[in-house]
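Each remark here refers to the structure printed beneath this line.
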Amino acid sequence: MELTDIIEKRRSIRDFRDIPIPNETLEKILNYALLAPSGRNAKPVDLIVLKDKETITKVMNARTNNFGFLKTAPVCIVVTADEESSTWCADASIVASYIQLLAVNYGLGSCWGQVHGRYFNDKSVEEEIKRILSIPENFRVLSIVSLGYANEEKAPHTLNEVNKSKIHYDHW
Ligand SMILES: Cc1cc2nc3c(=O)[nH]c(=O)nc-3n(C[C@H](O)[C@H](O)[C@H](O)COP(=O)(O)O)c2cc1C
């Protein structure tokens, strides 16, 4: 598939079929995602792969109002990064985006669940997930990306959606 087709096809998928993702596919997604560029080539990103339903439910409950889409996901990838790197948030965002594009390449759907900067019941979702998953103090949690075979159909994006006034040449 052309990269442009992959970009068009990537939609947020929030309902998944009860079919496991082959380990080989998952390994490819994880490894290719970690080839993403990072500031000063620091490579601060660590990924936590969740398959255990009980753990996924605990993480889902950290932001129940918004993480309902984790419920049917056979796999969730928690995207974390060492805050020692000043570009941790950008670096982690690129990895998460790569994961979503790689998912399309392997016939999977995905959805980005925001963790960093989000609160649920006045509690930091990031702190709650760090506690649940024993994530080291110096690591930040950007997002949780669900992965699986889609149980919903969404039309691909098209270039007609692009607001051309968002593109500026030489000056604003
Ligand atoms: C930074 C970021 C945070 C997001 N957070 C959530 C989230 O917490 N929960 C959710 O269901 N979707 C989340 N999304 C998915 C967006 O809602 C979705 O990408 C947007 O509505 C466009 O739809 P599309 O992905 O199908 O193109 C997030 C996406 C991004 C890029």
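Summary of computed values
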read-out: Search result, residues across segment 44-65 that are among the aliphatic types (A, V, I, L, M) and either within 13 Å of the ligand (Cβ to nearest atom) or not in a helix (DSSP H, G or I) (or both); value: 45, 47, 48, 49, 50, 59, 60, 62
read-out: Conditions (1) under 15 Å from residue 113 (Cβ atoms); (2) touching a Ser or Thr at 6+ places or on another chain (Cβ under 8 Å); (3) not basic (Lys, Arg); number of the one not met by residue 38; value: (1)
read-out: Yes/no for residue 125 being under 15 Å from the mean Cα position of the chain (by Cα) and β-branched (Val, Ile, Thr); value: no
read-out: Number of the exception - residue 68 against (1) more than 24 Å from residue 8 (Cα to Cα); (2) among the small types (Gly, Ala, Ser); (3) more than 12 Å from the ligand (Cβ to nearest atom); value: (3)
read-out: Scope segment 15-43; condition assigned to a helix (DSSP H, G or I), under 29 Å from residue 151 (Cα atoms) and of a type outside the set (D, E, K, R); matching residues; value: 23, 25, 26, 29, 30, 31, 32, 33
read-out: Residue within segment 74-85 that is in a helix (DSSP H, G or I) and either away from the ligand (no atom under 15 Å from the Cβ) or under 18 Å from residue 151 (Cα atoms) (or both) present; value: no
read-out: Where residue 152 falls short, out of the listed (1) farther than 17 Å from residue 63 by Cα; (2) away from the ligand (no atom under 11 Å from the Cβ); (3) not aliphatic (A, V, I, L, M); value: (2)
read-out: In segment 15-43, residue surrounded by the most Cβ atoms within 10 Å (Cβ to Cβ) [restricted to those that are more than 23 Å from residue 130 (Cα to Cα) and within 16 Å of the ligand (Cβ to nearest atom)]; value: 16
read-out: Check on residue 72, closer than 23 Å to residue 23 by Cα and more than 12 Å from the chain's Cα centre (by Cα); value: yes
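Since every read-out is calculated from the coordinates, none of them should be taken as a lab result. As the structure is a prediction and not an experimental result, all values here were calculated from the model. With ideal geometry, Cβ positions are generated from the backbone for all residues, glycine too; neighbour counts draw on all protein chains shown.
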